[in-house]
Amino acid sequence: HSKSSTAKNLVSVLMDVCSTFGFMKELRSDRAGCFSSKYTRECLGRHNVRVHLINPRSPFSNGLVERRMREVKQVFKLYGVRRSGRWFDQVPSVLRRLNNVVLPKPLHTTPFELMFGRSF
């Protein structure tokens, strides 16, 4: 895939998500080509979304996401995904589990409750 085709795919998915949930103020990402492309920045800029790219090789800049990705990998292991190799079949179960785990203080609520204002 070229940088422009993956940027167009990214923007297409983001527009679908944002049409349901609204636009974010900032999109924080690594420096992958689809996020750093002029096309992505222009499309998101039209909706007042700032693209913030973290520094390369400094995952601490994106600590919460990096921590959450470790948790995702751990949950996939619990579901035995390594053995089966069919990780995509387990995505709904993994998401449901992670979105309903209470976050630490000061939030002390689940990601689902933060997003939708109610319990699952």
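A short reminder: the numbers here are calculations on the coordinates, not readings from a lab. Worth saying up front: this structure is predicted, and the values here are computed from it rather than measured. Please note: Cβ atoms are built from the backbone with ideal geometry, for glycine as well, and neighbour counts cover all protein chains shown.
A few notes on this one:
- R28 long-range amide H proximity, modeled H, under 5 Å: H52
- Dimensions of the range 3-53 from C-alpha coordinates, computed as largest minus smallest value along each principal axis and given longest first, are 26, 19, 17 Å.
- For the peptides 10-16, 106-112, the ranking by mean Cβ contacts within 10 Å, running from highest to lowest, is 10-16, 106-112.
- Note on the chain: helix-only mean residue ellipticity at 222 nm, from DSSP H runs of 4+ residues weighted -39500 (n - 2.57) and normalised by residue number, equals -17000 deg cm²/dmol.
- Counted without the sites themselves, the longest stretch of the chain free of trypsin sites (Lys or Arg not before Pro) in a DSSP loop having at most 13 other beta carbon atoms within 10 Å is 87-117.
- Contact order for the range 62-116, expressed relative to its length and based on alpha carbon pairs under 8 Å spaced 6+ residues apart, stands at 20 percent.
- Computed 3J(HN,Hα) for the range 6-15, one whole-Hz value per residue from the Karplus formula 6.51 cos²θ - 1.76 cosθ + 1.60 where θ = phi - 60°, is 6, 5, 5, 5, 4, 4, 4, 5, 4, 5, glycine and proline marked x.
- Remark: the range 67-73, residue by residue, has Karplus-estimated 3J(HN,Hα) of 5, 5, 5, 4, 5, 4, 4 Hz, where x stands for each Gly or Pro and the curve is 6.51 cos²θ - 1.76 cosθ + 1.60 at θ = phi - 60°.
- Members of K8/K105; K38/K73; K38/K77; K25/K73; K38/K105 lying beyond 30 Å, as alpha-carbon distances in this model show: K8/K105; K38/K73; K38/K77; K38/K105
- Note on the chain: semi-axes of the ellipsoid equivalent to its C-alpha gyration tensor, largest first and rounded to whole Å, are 27, 20, 16.
- Contact order relative to length of the chain, as percent, for alpha carbon pairs under 8 angstrom and 6 or more apart: 16
- With the convex hull drawn around the C-alpha atoms of the range 62-116, the volume per residue stands at 87 Å³.
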